[in-house]
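Everything on this sheet refers to the single structure shown next.
Just so you know, all these numbers are worked out from the coordinates, no wet-lab data involved. In this text, all values refer to a predicted model and were calculated from it rather than measured experimentally. Cβ placement follows ideal geometry from the backbone for every residue including glycine, while neighbour counts extend to all protein chains displayed.
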Amino acid sequence: MYKVIISNNEIGYIENIEEFKTKINTDLYSEEEKEFMAYYTINVEPEYKTVFVDKKTNSDETEILNKIKENSTITYLAYEITLNNEEKAYVSTIEEAEQIVEEMKQEIENEDVEMTLGIVQKYTEDLDSLKLSEKEEVEQNINTEIEKAVEIKESSINGVVLATKPVKETYISSRYGDTVDRNSGHKGLDIAAPTGTTIVACGDGTIKYAGWYYGYGNLIIIDHGNGVETYYGHCSKLYVSKGDTVSAGDKIGAVGATGDATGSHLHLEIRLNGVYINPQKYLYK
Ligand SMILES: [Zn+2]
């Protein structure tokens, strides 16, 4: 028989080395354990020594196999779904991954948004750390991202996102195009709010102007780039100065009734290359 030695420990006896080596290859892991396995590595190489033994000595194959298994590591293969080159989810089979990407690509095309999906092979010894997901769950998540992208697309003007309401709406006191005193056609949107109500930037940009400007009273102009500007008129307070950089949602001023204003309100304008745009196309829809 052969004595099997693992890491200088005598583990037991086997009858046939070749048969045993085959068993290591085929029987070490069950079919269940092999499901997501890419490969396994045996970290200790068993040594075999020819020995003469008593005929009552039994083979210890099962025990030895278990010992080898204890000293081995499994590497699993999972499939990472990437969205815009960032990790999104992991699934266990390439079929699932391909189905998800194919179905979601169709959805992205239908909604006409800029998003890219990909599949990356991921080898790991710790399958649990990857948190495998079900196909439905992944698709639901990606659909949420698509919806967000659609929302951003719909609130974009010439590539500039104007998605933040400058004041929490109380009520719209005058709409774009309304006939107002001494004017035919209102060039902005009037949002009534108490004096002192915080005004925030509709989108990212740079302060182009912050000061008194004729009928506008205290006026803030934000340059958002790409020819897009927003105007905030009749402010009671200005919290920004020319040249300041602001992000969507940053406090820029307070509602008031300065300049030509009969009541406290924000006069909001959006201009694209100097042309007036109805703010309600993007905000307070
Ligand atoms: Zn107005």
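Report ³J(HN,Hα) in whole Hz for each residue of the range 2-7, in order, from the Karplus equation J = 6.51 cos²θ - 1.76 cosθ + 1.60 where θ = phi - 60°; Gly and Pro get x.
Each residue's phi maps through the Karplus curve to give 10, 8, 9, 10, 10, 6 Hz.
Could you pull the Rg and Dmax for the range 2-70, using just the Cα atoms, both in Å?
Spelled out, the Cα radius of gyration and Dmax of the range 2-70 are 13.0, 43 Å.
With r as the distance between the Cβ atoms of Glu109 and Asn273 and R0 = 30 Å, compute the FRET efficiency 1/(1 + (r/R0)^6) and round to 0.05.
Step by step, r from the Cβ atoms, then E = 0.50.
First measure r as the distance between the Cβ atoms of Tyr213 and Thr170, then evaluate 1/(1 + (r/R0)^6) with R0 = 30 Å and state the FRET efficiency to the nearest 0.05.
Taking R0 as 30 Å, the efficiency between Tyr213 and Thr170 is 0.80.
Relative to 2.2 N^0.38 Å, what does the C-alpha radius of gyration of the range 30-183 come to as a ratio? Two decimals please.
So the Cα radius of gyration is 1.95 times the expected 2.2 N^0.38 Å.
Checking the cross-link filter: which lysines have an alpha carbon closer than 27 Å to that of Lys187, excluding same-chain neighbours under 8 positions apart?
List returned: Lys153, Lys165, Lys168, Lys208, Lys237, Lys242, Lys251, Lys281, Lys285.
As an exercise, find the ratio Rg/Rh for the range 114-200 from alpha-carbon atoms, using the Kirkwood inverse-distance average for Rh.
Reported Rg/Rh, Kirkwood definition of Rh: 1.26.
Suppose R0 equals 41 Å; then what is the FRET efficiency for Asp128 and Thr62 from their Cβ-Cβ distance, rounded to the nearest 0.05?
0.90
Quick one: grab the alpha carbon gyration tensor of the range 1-121, order the square roots of its eigenvalues as a ≥ b ≥ c, and give me rounded if a/c is under 1.5, else prolate or oblate depending on whether a/b is larger than b/c.
Prolate.
Most mobile of Lys21, Lys88, Lys165 per a Gaussian network model of the chain (Cα springs, under 10 Å)?
Residue with maximal mean-square fluctuation among Lys21, Lys88, Lys165: Lys21.
Please build a GNM for the chain, connecting alpha carbons under 10 Å apart, and tell me which residue among Gly196, Gly118, Gly188 fluctuates the most.
Gly196
Which residues in the range 49-73 have a backbone N closer than 12 Å to a point placed 7 Å from the Cα of Ser30 along the Cα-to-Cβ line?
none
Within 10 Å, count the other beta carbons around each residue, average over each peptide in 258-269, 130-141, and list them highest first.
Taking the mean over residues of other Cβ atoms within 10 Å, the ranking is 258-269, 130-141.
Using a cut-off of 27 Å between alpha-carbon atoms, which lysines can reach Lys55, once sequence neighbours fewer than 8 places away in the same chain are excluded?
Counting by Cα, and skipping residues close in sequence, Lys55 has these lysines nearby: Lys3, Lys21, Lys23, Lys67.
For the chain, taking Cα atoms only, what is the radius of gyration to one decimal and the Dmax to the nearest whole Å?
Rg, Dmax (Cα atoms, Å): 34.6, 117.
Show me the ranking of peptides 89-99, 45-55, 272-282 by mean Cβ neighbours inside 10 Å, starting with the highest.
89-99, 272-282, 45-55
Pick out which of Ile157, Ile64, Ile100 has the largest mean-square fluctuation in a Gaussian network model of the chain, springs linking Cα atoms closer than 10 Å.
Ile64
In 5 Å bins starting at zero, report the fraction of Cα pairs in the range 77-154 per bin as a rounded %.
3, 16, 28, 24, 14, 8, 4, 2, 0
Would you mind pulling out the separation of the Cα centroids of the range 207-245 and the range 64-97, in Å?
54
Step through the residues of the range 116-128 one at a time and calculate ³J(HN,Hα) from phi using the Karplus curve (6.51 cos²θ - 1.76 cosθ + 1.60, θ = phi - 60°), rounding each to whole Hz and writing x for Gly and Pro.
These are the phi-based 3J(HN,Hα) values: 10, 10, x, 10, 10, 6, 10, 9, 8, 8, 10, 4, 4 Hz.
Quick check of the Kirkwood formula: for the range 160-281, what is the inverse mean of 1/r over all pairs of different Cα atoms, in Å?
Its Kirkwood hydrodynamic radius stands at 13.9 Å.
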